[in-house]
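Novice: Quick one: the structure is below, and I'll ask about it shortly.
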Amino acid sequence: MKKQILKGKNMGSLVVKDNALINASFKLDVVEQRLIILAITEARETGTGITSDSHLTVHASKYIETFGGERQAAYKALKSASETLFFRYFSFVSLHEKGVKHHRSRWVSDIAYQDGTASVDIRFSPIIAPLITRLEKHFTSYDIEQISHLTSKYAIRLYELLIAWKSVGKVSFDLEDFRDKIGLDATEYRTMSNFKKFVLDAAVSQINDHTDIKVSYEQQKKGVRVSGFTFRMKMKPTQKNIQARDPDTLDIFVKLTDAQRHLFAHKLSGLHEVGSQYAKVGESTEDFTRRLADMLLDEAQFRKLHPFLISVGFQPPKKTAL
């Protein structure tokens, strides 16, 4: 298969991750996240690409140039991260005809810190390489500059989760699922006041101060207990936003085949946002999926579902010049 390359100004610094990876549950500290992001951009800048055979090198000088800090501190941080990253794993689910498949994988196959050059050599695991490079399906892209000033690991994770929904403008998470996605252990920050103070509010504050989006959130409650959060986001008008998709493709009604309608209806039925807006009380998953498939036949309903279709991999055809 011919590789697809994103073209444009400073594309070497563009981070591209498949949304299966963005939505995966994993626990990485700030330096480990930065190391992975630099490896991704290194592959793009050098044209090496990311495969299970690719050895990528991240130098301490690049780390300092991107994220700042003292040289000796960067050396120490990268060496420590190279030791811990090997043991990190992530998990995600994929849909198949026979049901949901649950995946667990390490991030890297091997990793080494070189004292003489103050650099880290990384080789990604076989399962993660296509999740980073598979551009023909829905992806989230952002410039590394957007997270370069985020010092909270929770802020980096929250930014990645939110930017995947920028075309929709909002997204909701159940509390426990959200805690898992941003990398909290089961026993960490269980008191809601501490969770909001040290994790959520701190992350939102950093994102609002240092990135290209403005974020607010509302609590969801079951009785008196917080059960989840709804985030709303908008792009800051003064920032030059990355266009991951051609704006000319927006708001186009496409007549899907029956197979396509049912495939995308199945994917849409699994989205919390779609379920909260369109599912009926007491309706089974099968009935909801069939109703979504019928909704995709109607142009007005198709336009309403369009942002969600994009988020699950739908690619609208581009307009052709007359």
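The values are calculated or read from the model by the stated rules, or taken from the named source; none is laboratory data. Keep in mind that what you see is a predicted model, and the values were worked out from it rather than measured. FYI the Cβ positions are ideal-geometry reconstructions off the backbone, even for glycines, and counts take in every protein chain you see. The protein model used for the area step is the full one, side chains on, heavy atoms only, and it has no ligands, DNA or RNA in it. Shrake-Rupley method; radii C 1.70, N 1.55, O 1.52, S 1.80 Å.
Novice: Out of (1) on the phi > 0 side of the Ramachandran plot; (2) in a helix (DSSP H, G or I), the odd one out for Gly69 is which?
Specialist: (2)
Novice: Here's a follow-up. Give just the number: which of (1) at pLDDT 80 or above; (2) open to solvent by less than 80 Å² (accessible area, probe 1.4 Å); (3) more than 20 Å from Arg303 (Cβ to Cβ) does Ile242 not satisfy?
Specialist: Failed condition: (1).
Novice: Kindly provide the set of residues from the range 37-50 that are within 12 Å of Val108 (Cβ to Cβ) and open to solvent by 10 Å² or more (accessible area, probe 1.4 Å), ordered by number.
Specialist: Here is the first cut: in the range 37-50, the residues within 12 Å of Val108 (Cβ to Cβ) are 39, 50.
Result: Ile50, single match.
Novice: Related question: Would the range 298-306 turn up any residue that is surrounded by fewer than 17 Cβ atoms within 10 Å (Cβ to Cβ), in contact with a strand residue (DSSP E or B) (Cβ under 7 Å, 6 or more places away or on another chain) and under 27 Å from Ile163 (Cα atoms)?
Specialist: Start the filter on the range 298-306 by keeping residues that are surrounded by fewer than 17 Cβ atoms within 10 Å (Cβ to Cβ), which leaves 298-301, 303-304.
Checking the rest, the ones that are also in contact with a strand residue (DSSP E or B) (Cβ under 7 Å, 6 or more places away or on another chain) come to none.
No, the range 298-306 contains no residue that is surrounded by fewer than 17 Cβ atoms within 10 Å (Cβ to Cβ), in contact with a strand residue (DSSP E or B) (Cβ under 7 Å, 6 or more places away or on another chain) and under 27 Å from Ile163 (Cα atoms).
Novice: When both residues are 6+ apart or on different chains and their Cβ atoms are under 9 Å apart, which pairs have a first residue that lies in the range 30-56 and is more than 17 Å from Phe86 (Cβ to Cβ) and of a type outside the set (A, V, I, L, M, F, W, C), and a second that is assigned to a helix (DSSP H, G or I) and open to solvent by 40 Å² or more (accessible area, probe 1.4 Å)?
Specialist: Correct list of pairs: Thr41/Lys62; Glu42/Lys62; Arg44/Met11; Glu45/Met11; Thr48/Glu42; Gly49/Thr133; Thr51/Pro130; Thr51/Thr133.
Per-residue answers, yes or no, for (1) within 12 Å of Leu162 (Cβ to Cβ); (2) without any contact (Cβ under 8 Å) to a residue 40 or more places away in the chain:
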position	(1), (2)
Met192	no, yes
Lys196	no, yes
Thr211	yes, no
Val215	yes, no
Gln220	no, no
Met235	yes, no
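Novice: Yes or no: Leu256 within 17 Å of the chain's Cα centre (by Cα), more than 28 Å from His149 (Cβ to Cβ), surrounded by 14 or more Cβ atoms within 10 Å (Cβ to Cβ) and modelled with pLDDT under 90?
Specialist: Working: within 17 Å of the chain's Cα centre (by Cα): no; more than 28 Å from His149 (Cβ to Cβ): yes; surrounded by 14 or more Cβ atoms within 10 Å (Cβ to Cβ): yes; modelled with pLDDT under 90: yes.
Spelling it out, it is not the case that Leu256 is within 17 Å of the chain's Cα centre (by Cα), more than 28 Å from His149 (Cβ to Cβ), surrounded by 14 or more Cβ atoms within 10 Å (Cβ to Cβ) and modelled with pLDDT under 90.
Novice: Which count do you get for residues in the range 155-194 that are part of a helix (DSSP H, G or I), open to solvent by 20 Å² or more (accessible area, probe 1.4 Å) and of a type in the set (Ser, Thr, Tyr)?
Specialist: First pass over the range 155-194, keeping only residues part of a helix (DSSP H, G or I): 155-163, 175-181, 192-194.
The next check asks that each one be open to solvent by 20 Å² or more (accessible area, probe 1.4 Å); those that pass are 175-177, 180-181, 192-194.
Still in the running and of a type in the set (Ser, Thr, Tyr): 193.
Residues that pass the stated criteria total 1.
Novice: Among the candidates Lys304, Lys267, Lys280, Lys255, single out the residue that is in contact with a Lys or Arg (Cβ under 9 Å, 6 or more places away or on another chain) and among the charged types (D, E, K, R). So that I can check it myself, show each step before the final result.
Specialist: Numbers: Lys304 fails: in contact with a Lys or Arg (Cβ under 9 Å, 6 or more places away or on another chain); Lys267 fails: in contact with a Lys or Arg (Cβ under 9 Å, 6 or more places away or on another chain); Lys255 fails: in contact with a Lys or Arg (Cβ under 9 Å, 6 or more places away or on another chain).
Result of the check over Lys304, Lys267, Lys280, Lys255: Lys280.
Novice: Is it the case that the range 91-106 has a residue that's at pLDDT below 90, open to solvent by less than 50 Å² (accessible area, probe 1.4 Å) and closer than 30 Å to Asp209 by Cα?
Specialist: No - not one qualifying residue is present in the range 91-106.
Each row is one residue, and each column tells you yes or no for (1) small (Gly, Ala, Ser); (2) in contact (Cβ under 8 Å) with a residue 40 or more places away in the chain; (3) in contact with a Ser or Thr (Cβ under 7 Å, 6 or more places away or on another chain).
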position: Asp110; (1), (2), (3): no, no, no
position: Tyr113; (1), (2), (3): no, no, yes
position: Asp121; (1), (2), (3): no, yes, yes
position: Pro126; (1), (2), (3): no, yes, yes
position: Ala129; (1), (2), (3): yes, yes, yes
position: Leu161; (1), (2), (3): no, yes, no
position: Lys166; (1), (2), (3): no, yes, no
position: Arg179; (1), (2), (3): no, no, no
position: Val199; (1), (2), (3): no, yes, no
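Novice: Right, another one. Is it true that Arg34 is assigned to a helix (DSSP H, G or I) and open to solvent by 40 Å² or more (accessible area, probe 1.4 Å)? Step through it out loud before you land on a result.
Specialist: Details: assigned to a helix (DSSP H, G or I): yes; open to solvent by 40 Å² or more (accessible area, probe 1.4 Å): no.
Judged against the criteria, Arg34 is not a match.
Novice: Would you check which residues across the range 113-140 are modelled with pLDDT under 90, open to solvent by less than 30 Å² (accessible area, probe 1.4 Å) and β-branched (Val, Ile, Thr) and list them?
Specialist: Hits for the range 113-140 are Ile128, Ile132, Thr140.
Novice: Additional query: Kindly establish whether Glu65 is at pLDDT 85 or above and either closer than 25 Å to Gly183 by Cα or open to solvent by 50 Å² or more (accessible area, probe 1.4 Å) (or both). Please lay out each step first, then the result.
Specialist: Values: at pLDDT 85 or above: yes; either closer than 25 Å to Gly183 by Cα or open to solvent by 50 Å² or more (accessible area, probe 1.4 Å) (or both): yes.
Criteria met by Glu65.
Novice: Identify, please: which residue in the range 270-299 is at pLDDT 85 or above and among the hydrophobic types (A, V, I, L, M, F, W, C) and is, among those, farthest from the chain's Cα centre (by Cα)?
Specialist: The extreme case among them is Leu297.
Novice: A further question on this structure: Can you tell me which residue among Asp110, Asp53 is among the acidic types (Asp, Glu), out of contact with any helix residue (DSSP H, G or I) (no Cβ under 7 Å at 6 or more places or on another chain) and open to solvent by 80 Å² or more (accessible area, probe 1.4 Å)?
Specialist: Numbers: Asp110 fails: open to solvent by 80 Å² or more (accessible area, probe 1.4 Å).
Just a single option satisfies the conditions, and that option is Asp53.
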